[in-house]
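**Q** Got a structure for you, written out below as structure tokens; questions coming shortly.
FYI, it's all coordinate maths here, none of it is from the lab. Quick caveat: nothing in here was measured; it's all calculated off a predicted structure. All Cβ positions, even for glycine, are placed from backbone atoms using ideal geometry, and neighbour counts span all protein chains on display.
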Amino acid sequence: MKGLILAAGRGTRLRPLTYTRPKHVFRVAGKPIIYFAVKNLREAGIHQIGVVVSPENREDIMQALEGFPGVSLSYIVQEEPRGLAHAVGVARDWLGESPFVMYLGDNLFQSGITRFVSSYRAGVGAVIALVRVPDPRQFGVAVLEGGRVVRLVEKPKEPPSDLAVAGVYVFGPEIHPIIADLEPSARGEYEITDAIQGLLERGHPVLGMEVEGWWKDTGRPHDLLDANRLLLVEMSPETKGQVWESKITGRVVIEEGAVVRESTILGPVMIASGAIVDGAYIGPFTSVGPGAVVRRAEVEFSILEDGAVVEDVPLRLHESILGVGARVTSRDGLPKAHKLVLGDLSSVELG
């Protein structure tokens, strides 16, 4: 069996963060989001993995996954994002006649995906992951009878159930001729839900299995923060960096090459290699990225990406995401004012 990670999306719901970097390489609990997709596939026994990328994000994703142990990675370029089924069609030659796992590269699963892979067998058209959600209208929605999917609807105004399709699907080769015959939907995309409905109409059984543990689609800023929180609470504390005259409490990981001095760290917290925390407070559910600096400032429930700087800030930062190289500092002298340089769709709350 092969794995196919879809990572060509533009991440429009995460703008302005994604104007310069794809969402799949943003760090949660110190690792790029797409790292967890590869890890889950490897743990399910899948070592041949294709990654569908766009021309714009190919290099970023290759760099994020460089040297990943135990897998063979191939990169397949999808020139235009025309839907999930279209991405599978683009990868058709690489997939051959092998059954495969289609994994949305921005999804996280607490308990991995081994159950879904193990449930697939020859003669089954597909196995799909399902999760109960309070408002299914923004998802593909499945109707189950005895563990089998009998109907699938994409983003219905009146959902027939509360079972949303999560980001993992296991397909047999029967899916390929169905995708080849698909027509685009009203929004101009080739929908994977239409392809699965085609399996049902041709008599191929489709099994639906509910996700165990939590599942997270990291499509929006608050989802990134929540995913970071969920992963941090599962870490084992470890201190390899340098710590001087500081108070460390709870689940805290301080990687080799990080420096913490005269600070208070209240976990769960991840401080990456090369980061500097000096005279600062780092509160729960915070990731401090490689080379980031927090000096004479307070940060909690936040993500600081590579090289971000928070220095001499009088108010505590909370629920914040700072992109690569972003800076938050104080201003001396008169006039007393806030100086802001913000990209499109930025958000600032001043206390």
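**Q** How far is it, in nm, from the label point at Lys157 to the one at Arg296 when both lie 7 Å from their Cα along the line to the Cβ?
**A** Modelled inter-label distance: 5.9 nm.
**Q** While we're here: Using alpha-carbon positions, what is the distance between the centroids of the stretch 98-145 and the stretch 40-61, in Å?
**A** With the stretch 98-145 and the stretch 40-61 each reduced to a Cα centre, they are spaced 18 Å.
**Q** Moving to a separate point now. Quick one: divide the alpha-carbon radius of gyration of the stretch 126-190 by 2.2 N^0.38 Å and tell me what you get.
**A** 1.17
**Q** Taking the Cα atoms of the stretch 1-94, what is the range of coordinates along each of the three principal axes, in descending order and whole Å?
**A** Sorted largest first, the three principal extents are 36, 32, 18 Å.
**Q** What residues qualify as long-range amide H neighbours of Glu210, i.e. H under 5 Å apart, gap of 5 or more or another chain, H built at 1.01 Å from N?
**A** HN-HN under 5 Å from Glu210: Leu130.
**Q** Kindly provide the GluC sites (Glu not before Pro) of the stretch 203-286 that DSSP labels as loop, not H, G, I, E or B, and whose Cβ sees at most 16 other Cβ atoms within 10 Å.
**A** Filter output for the stretch 203-286: Glu212, Glu234, Glu245, Glu256, Glu262.
**Q** Please give the peptides 148-157, 281-290, 120-129 ranked by average Cβ packing (other Cβ atoms within 10 Å per residue), highest first, as a rough proxy for protection.
**A** 281-290, 120-129, 148-157
**Q** Where does the charge balance sit around Gly283 when Lys and Arg score +1, Asp and Glu -1, over other residues with C-beta under 9 Å from its C-beta?
**A** Details: positive: Arg316; negative: Glu298, Glu300.
With Lys, Arg at +1 and Asp, Glu at -1, the net is -1.
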